[in-house]
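Here is the structure we will look at.
The values are calculated or read from the model by the stated rules, or taken from the named source; none is laboratory data. In this text the structure is predicted, and so the values were computed from the model without any measurement. All Cβ positions, glycine included, derive from the backbone under ideal geometry; neighbour counts span all protein chains shown. Areas reflect the complete protein model, heavy atoms only, side chains present, ligands, DNA and RNA absent. Shrake-Rupley method; radii C 1.70, N 1.55, O 1.52, S 1.80 Å.
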Amino acid sequence: QIQNPCLGTEYIQSASYTDSSDDETSPRDKQQKNSKGNGDFCIKNIKQADFGRREIEIAEQEMPALMALRKRAQGEKPLAGAKIVGCTHITAQTAVLMETLSALGAQCRWAACNIYSTQNEVAAALAEGGEAHVFAWKGESEDDFWWCIDRCVNVEGWQPNMILDDGGDLTHWIYKKYPSMFKKIKGIVEESVTGVHRLYQLSKAGKLCVPAMNVNDSVTKQKFDNLYCCRESILDGLKRTTDVMFGGKQVVVCGYGEVGKGCCAALKAMGSIVYVTEIDPICALQACMDGFRLVKLTEVIRQVDIVITCTGNKNVVVRENLDRMKNGCIVCNMGHSNTEIDVASLRTPELTWERVRSQVDHVIWPDGKRIVLLAEGRLLNLSCSTVPTFVLSITATTQALALIELYNAPEGRYKQDVYLLPKKMDEYVASLHLPTFDAHLTELSDEQAKYLGLNKNGPFKPNYYR
């Protein structure tokens with residue numbers, strides 16, 4: 001039995017043509033085949049493939065770097081022979097990544113890292129196209145979640161040699177159930193802070209038996225995905241679920257990392273009064289210098305209208321805090337998974353749960369006070385709204401390059417440890433996206449490059465730069 005699965009991770013667009021309630025029959029009980037007669041997949045409804053293909057085509061227009069990779073590698077096939085097993089969100093954007101990996105020569109099998117994030121029509125399009133064998137649908141149970149991962153891994157006549165993970169559940173499952181597979185696996189690429197933490201734990205314990213690439217701490221991930229993405233998607237998620245007006249609202253944001261910075265900037269721009277909680281004195285000082293009041297949660301919990309967690313930690317908002325909130329307070333999470341808000345403490349006989357709409361619940365106290373809980377404490381933007389496709393282009397390109405690097409690295413370049421993406425690759429990802437803005441880089445002269453001690457073509461920042 002696997003304990004505490006990470007069922008909520010990053011990168012998603014949850015809107016779907018087919019809600020999980022449309023058909024109560026479990027996909028596991030269906031026999032479906034695509035137009036080519038292939039049935040090596042498990043999705044909600046293969047008939048939705050045309051809708052999904054249109055979604056993917058729209059996403060391709062906002063993902064220039066992946067499309068550029070496809071074009072540049074048409075003859076090279078740098079992933080020829082790669083057998084990639086993936087566990088990420090399955091959306092139009094990640095579909096573009098999967099189809100790019102296929103175009104680069106890889107065979108792919110895929111499960112979802114979040115039980116609510118799969119776009120069923122996109123999964124259908126992937127199953128129809130055959131570029132990836134997909135086992136996922138929106139509204140999976142926990143048992144379904146692990147079953148889908150196992151179907152991707154435990155295949156007769158096929159064994160993965162690369163892993164792309166978002167949250168660490170896939171890697172964890174293989175370690176627990178099929179450890180011998182790591183003899184043929186060349187490397188792991190991990191996307192999320194939680195998954196990276198798990199890898200560092202394995203490395204520290206001497207149990208990491210293949211090289212792993214930490215793309216979560218790449219500059220393109222931290223700055224663009226966490227900061228700029230959340231700056232836009234926090235407002236989208238709150239508006240779609242509650243129709244709240246931000247002007248004049250008192251909001252406390254727990255955590256002032258890149259996600260917290262993005263959330264605070266957006267809310268401040270909309271006229272909200274924003275408080276910040278933080279454990280790190282450096283981040284705390286940044287919040288103060290950015291004009292936010294640094295407080296302890298207990299100091300403002302009775303007066304705030306909205307509580308947002310984005311720390312990546314557990315039990316940031318506990319029952320004691322929830323008991324003291326004002327009537328109508330909106331509570332949501334923008335951190336990695338569903339551990340930040342102690343939702344389990346609210347499932348007690350004296351409290352009443354009332355479903356308002358999808359992903360929106362009233363939790364009502366005996367005296368009539370109620371709070372508005374969004375997505376049951378799971379990632380707000382991933383469960384309730386959308387994430388900008390352009391940002392996902394940056395992240396997905398980083399993942400693709402990390403897979404190419406680990407797969408093609410000569411023996412001995414990477415040991416059984418966790419590595420950061422080389423800065424040169426970070427800069428390459430950024431450069432692929434500049435033409436979208438008709439941006440023109442300034443070039444160093446030979447004299448300037450010598451003065452700075454740099455190569456004219458980069459990298460321009462040291463590997464420790466974040």
Count the DSSP beta bridges whose two residues both fall in the chain, then state the antiparallel fraction as a percent rounded to the nearest 5. 20
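Given the -39500 (n - 2.57) contribution per DSSP H run of 4+ residues, what per-residue ellipticity at 222 nm results for the chain, rounded to the nearest 500 deg cm²/dmol?
Rounded to the nearest 500, the figure is -10500 deg cm²/dmol.
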Step through the residues of the range 354-367 one at a time and calculate ³J(HN,Hα) from phi using the Karplus curve (6.51 cos²θ - 1.76 cosθ + 1.60, θ = phi - 60°), rounding each to whole Hz and writing x for Gly and Pro. 10, 6, 8, 7, 4, 6, 10, 10, 8, 10, 10, 7, x, 7
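Would you be so kind as to identify all helices of the chain, as entire DSSP H runs, whose Cα atoms reach 20 Å or more along the helix's own axis and whose mean Kyte-Doolittle hydropathy is at least 0.5?
In the chain, the long hydrophobic H runs are 389-408.
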Please state the shape class of the chain: rounded when a/c is under 1.5, otherwise prolate if a/b exceeds b/c and oblate if not, all from the C-alpha gyration tensor. oblate
Restricting attention to the range 279-373, which trypsin sites (Lys or Arg not before Pro) occupy a DSSP loop and are surrounded by at most 16 other Cβ atoms within 10 Å? Lys296, Arg302, Lys314, Lys326, Arg347, Lys369
P(r) tail fraction, the range 129-223 - alpha-carbon pairs more than 21 Å apart, %: 36
For the range 240-279, the percent of accessible surface on carbon and sulfur atoms (probe 1.4 angstrom, ligands and nucleic acids excluded) is 59
Using DSSP to call loops (not H, G, I, E or B), can you name the trypsin sites (Lys or Arg not before Pro) in the range 372-437 whose Cβ has at most 14 other Cβ atoms within 10 angstrom? Arg413, Lys415
About its Cα centre, what dipole magnitude does the range 351-453 give when the only charges are +1 on Lys and Arg Cβ and -1 on Asp and Glu Cβ, stated in debye to the nearest 20? 480
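Skip the ligands, DNA and RNA, and give the accessible area per residue of the range 200-280 with a 1.4 Å probe, whole Å².
39
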Ile58 paired with Glu299, simple spin-label distance in nm, labels 7 Å along Cα-to-beta-carbon: 4.4
At a 1.4 Å probe, what is the % contribution of carbon and sulfur to the accessible area of the range 332-379? 50
Note to self: with every protein chain in place and a 1.4 Å probe, the range 80-195 gives an accessible area per residue in Å² of 25
So for the range 248-304, using the alpha carbon gyration tensor with a ≥ b ≥ c as root eigenvalues (a/c under 1.5 gives rounded; past that, a/b versus b/c decides prolate or oblate), I'd call it oblate
With charges only on Cβ, +1 for K and R and -1 for D and E, what is the dipole size of the chain about its Cα centre, in debye, rounded to 20? 760
Need one number: nm distance between label points at Ser445 and Asn315, each 7 Å from Cα along Cα→Cβ, rounded to one decimal. 6.2
Lysines within cross-link reach of Lys296: Cα-Cα under 27 Å, excluding same-chain residues under 8 positions apart? Lys223, Lys239, Lys249, Lys261, Lys268, Lys314, Lys326, Lys369
Each label point is 7 Å from the Cα along the Cα-to-Cβ direction; what then is the distance between the points at Ser35 and Lys415, in nm? 5.3
Sites removed, the longest contiguous part of the chain containing no DSSP-loop GluC sites (Glu not before Pro) with at most 11 other Cβ within 10 Å is 157-349
If R₀ is 51 angstrom, what is the calculated FRET efficiency for the pair Met289 and Lys204, using the beta carbon separation as r and rounding to 0.05? 0.90
